[in-house]
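Working notes, beginning with the structure itself.
The values are calculated or read from the model by the stated rules, or taken from the named source; none is laboratory data. In this text the structure is predicted, and so the values were computed from the model without any measurement. In this analysis, Cβ positions are derived from the backbone assuming ideal geometry, glycine residues included, and neighbour counts consider all displayed protein chains. Accessible surface areas use protein heavy atoms only, side chains included; no ligands, DNA or RNA. Shrake-Rupley method; radii C 1.70, N 1.55, O 1.52, S 1.80 Å.
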Amino acid sequence: MSDAIHLISAWFALLGALVIFVAMIGVVRFPDVFCRAHALGKGMTLGISLMLLSLWIDQGTQAAGLKILAAIFFQFLTLPVASHLLALLARQLDFPRFGPREIDDHRAAKGAGRGS
Amino acid sequence: MKSFALNLFVAVIWLLLGQELSLVNFIIGFLIGFALLALFRPVLGSHGYVRRTTAAFLYLFIFGKQFLLSCWNIFHAALLVPVDQLNPRLITYDVEGLSRLEILLLSHSISLTPGTTTVEISEDFSTFLIHVFNTGSPDEVRDEITTTLRRGILAFTR
């Protein structure tokens, strides 16, 4: 029983490490700040959550209680804010951006649709 | 709020009746309380509470699915797609008429799901500027956000 739990927890930790690794490959490979913020925001959230989950499975609710669940919850609360702030700062400082320059505005699109 | 207090009350009673104080027992008690509230909706006036809670859990489920899906997309792009074939761009999204809380939840969800990150919110809280990562047409992205995230959030905040 405890062997099985150790095995499951090890697999979760490995999966989390892999997820973070792939996210970091993304950070290196992606062309601009905004795309990197994507990789950071999503990859790190999932990776850290998986590793914390592995810790939870390993420790059990007896020892760890719900602390780890709270930790996962706060990861989900804070990491997207970090990635949003990165993107906001990059936008305000007008960093170079990959892809089409113009912004696709829903109001302009609607107006054009009505006009034609 | 009254319904939630009632639900909590039933859970505490269940804990007192059981042999041991444990989390599992508390959750069972809470579920029983919720079932009672759902059964006696007309008498207890807990229509709103039951509807909102189920909608919130449903949204959590939808959100989880979307989150894993978008992670998969990012990893696929990170490993397999050549950099010059990525198609990132900025689009706007209309959030007029939503309350501050709904805007907060929506921008948070957008940051974590379908290949999008909220970049900026206009001064008058009426439009998001969203960075889209490697997806099709801007209208498809807007439709996806409206049908999955926005509808799910509005189901339990209103």
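For the stretch B:88-113, a residue qualifies if it is touching a residue at least 12 places away in the same chain (Cβ under 8 Å), within 10 Å of another protein chain (Cβ to nearest Cβ) and outside any strand (DSSP E or B), and the qualifying residues are B:Pro88, B:Ser107, B:Ser109, B:Ile110, B:Leu112, B:Thr113. No other residue among B:Leu80, B:Leu69 is within 11 Å of chain A (Cβ to nearest Cβ) and open to solvent by 100 Å² or more (accessible area, probe 1.4 Å) apart from B:Leu80. Residues in the stretch B:1-32 that are surrounded by 17 or more Cβ atoms within 10 Å (Cβ to Cβ) and under 23 Å from the mean Cα position of the chain (by Cα): B:Ser3, B:Asn7, B:Phe30. Residue check: B:Ile74 meets all listed conditions (1) among the β-branched types (Val, Ile, Thr); (2) open to solvent by less than 10 Å² (accessible area, probe 1.4 Å); (3) farther than 24 Å from A:Phe74 by Cβ but one, namely (3).
Picking from residues in the stretch A:1-39 that are open to solvent by 60 Å² or more (accessible area, probe 1.4 Å) and under 12 Å from the mean Cα position of the chain (by Cα), the one that is farthest from B:Val132 (Cα to Cα) is A:Met24. Right, A:Leu88: surrounded by 13 or more Cβ atoms within 10 Å (Cβ to Cβ), closer than 30 Å to B:Leu23 by Cα and either facing another protein chain (nearest Cβ under 8 Å) or modelled with pLDDT of 80 or more (or both) or not? Judged against the criteria, A:Leu88 is not a match.
Report, by residue number, each residue of the stretch B:3-52 that is in contact (Cβ under 8 Å) with a residue 12 or more places away in the chain and not in a helix (DSSP H, G or I). Once the filter is applied, which keeps residues that are in contact (Cβ under 8 Å) with a residue 12 or more places away in the chain and not in a helix (DSSP H, G or I), the stretch B:3-52 yields B:Gly45, B:Ser46.
Here A:Asp32 passes the criteria (1) closer than 18 Å to B:Phe75 by Cβ; (2) in contact with a Lys or Arg (Cβ under 8 Å, 6 or more places away or on another chain) except the one numbered (1).
Every residue in the stretch B:118-158 that is among the aliphatic types (A, V, I, L, M), assigned to a helix (DSSP H, G or I) and over 16 Å from B:Leu98 (Cα atoms), please. Answer for the stretch B:118-158, where residues must be among the aliphatic types (A, V, I, L, M), assigned to a helix (DSSP H, G or I) and over 16 Å from B:Leu98 (Cα atoms): just B:Val141.
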